[in-house]
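> Below is the structure I would like to discuss, written out as structure tokens.
Computed from the coordinates by the stated procedures, all read-outs in this text should not be read as laboratory data. Keep in mind that this is a model prediction, so the values were computed, not measured. Heads up, the Cβs are rebuilt from the backbone with ideal geometry, glycines too, and the neighbour counts pull from every protein chain shown.
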Amino acid sequence: MRLEFGIRHALAIAAACTLAAPAAAQTPATGSGAWPDRTVRIIAPFPPGGGTDTVGRLLAQKFTEQIGGSFVVENRPGAAATIGAAFVARAAPDGYTLLLSAPEMSIHPNTRSKLPYDPLKDFAFISQLTSGQFMLASHPSVPVKTVKQLIALAKTRPGHLSYGHSGVGGINHLAGELLQSMAGIRWVHVPFKGTGPSVIGVMIGEIDFVFASTTGLVGAAQAGKVRPIAVTGPKRFSELPEVPTINESGVPRYSVTGWYGFYAPAGTPADIIRRLHVETGRALNSPDVKEKLTKTGNEPVASSPEEFAAFLRAEIDKWAKVVKESNLRID
């Protein structure tokens with residue numbers, strides 16, 4: 001009787017161990033579970049068609065190939081990217097809601113006293129993704145082909161020329177304010193809900209000029225739907241090498257550069273952040289993604305989370321000076 005009980009007990013333990021082994025193999029030692037086991041949303045806080053949306057979709061496709069599962073871009077535009085960023089800041093820190101945003105993350109702390117999130121405290125940093133610049137373009141009917149001609153026309157018609165941008169207080173808005181200050185002109189800014197709508201605005205003649213990412217403008221410029229005037233960074237854009245910088249076009253020391261960054265809600269498990277950082281580096285260094293980014297004026301960066309956090313702090317300090325000089329405040 002005791003022997004029979006001992007055999008039954010040993011068999012039961014062996015069966016339990018056999019059943020438990022596959023389950024243990026499916027769960028990482030890190031304790032975060034089998035991530036991802038459902039769709040991961042990458043929130044782009046601008047409408048479809050702009051640079052943020054384009055870079056987000058490149059990453060989503062690559063992550064789906066590299067990691068498996070499903071990664072999708074969800075556009076949540078409005079209030080110059082604050083609506084989408086606030087949504088991610090409040091999301092569950094489980095790795096299923098991520099944020100891909102632009103330099104507005106470094107500008108808003110200086111322009112908004114009631115920002116619904118703290119960019120340094122409410123997010124876990126994954127990586128800076130790219131570094132790039134913007135383009136100043138006009139509707140083809142505007143009698144301007146250079147920055148010098150723009151300045152001359154604006155001085156004869158103060159307050160009559162208009163430029164569009166992706167939202168009040170965004171980097172494209174400040175690019176126009178900086179040019180106004182440095183060139184001694186006065187023109188009217190027209191905010192849109194994202195890069196895509198602002199580019200459409202200049203193509204149909206709703207506005208005279210636009211400041212937008214090279215990503216959002218290169219196609220329209222190459223198709224002749226807009227006239228590229230200049231780029232905002234320290235060097236020319238490789239896809240349109242004939243277009244000069246604003247600095248070399250008569251406004252010395254003018255420079256505005258852009259970037260994209262990748263975040264998760266604060267409190268996201270460290271192992272998920274590490275996995276996302278590694279996969280981001282793989283994606284950005286893959287030949288196809290690198291080629292597509294370069295053609296739109298974006299250079300892959302793939303910094304560490306610590307480097308990205310330090311970069312954002314420095315950017316916040318830099319834009320604080322520009323905002324103060326332009327007396328820009330949004331509440």
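> What are the radius of gyration and Dmax of segment 134-249, computed over its Cα atoms and given in Å?
Computed over the Cα atoms of segment 134-249, radius of gyration and Dmax are 12.5, 33 Å.
> A further question follows. Can you tell me the order of 37-47, 193-203, 305-315 when each peptide is scored by its average per-residue count of other Cβ atoms within 10 angstrom, highest first?
Ranking the peptides 37-47, 193-203, 305-315 by packing returns 193-203, 37-47, 305-315.
> Still on this structure, please answer the following. Just the ratio, please: alpha-carbon radius of gyration of segment 93-145 over 2.2 N^0.38 Å, N its number of residues.
Here the Cα radius of gyration is 1.70 times the empirical estimate.
> Tell me, how many Å apart are the Cα centres for segment 149-186 and for segment 270-327?
Segment 149-186 and segment 270-327 have Cα centres separated by 28 Å.
> Taking 0.36 nm per residue of separation and subtracting the Cα-Cα distance, what length does fully extending Val188 through Ser141 add?
My answer for the length gained is 15.1 nm.
> Can you give the helix-only mean residue ellipticity at 222 nm for the chain, where every DSSP H stretch with n ≥ 4 adds -39500 (n - 2.57) and the sum goes over all residues, rounded to the nearest 500 deg cm²/dmol?
-14000 deg cm²/dmol
> With +1 on each Lys and Arg Cβ and -1 on each Asp and Glu Cβ, how big is the dipole of the chain about its Cα centre, in debye rounded to the nearest 20?
Rounded to the nearest 20 debye, it is 520 debye.
> Same structure, new question: Using 0.36 nm per residue of separation minus the Cα-Cα distance, give me the extension gain between Gln61 and Ala92 in nm, one decimal.
8.9 nm
> With N set to the number of residues, divide the alpha-carbon radius of gyration of segment 50-197 by 2.2 N^0.38 Å and report two decimals.
Segment 50-197 yields a ratio of 1.24.
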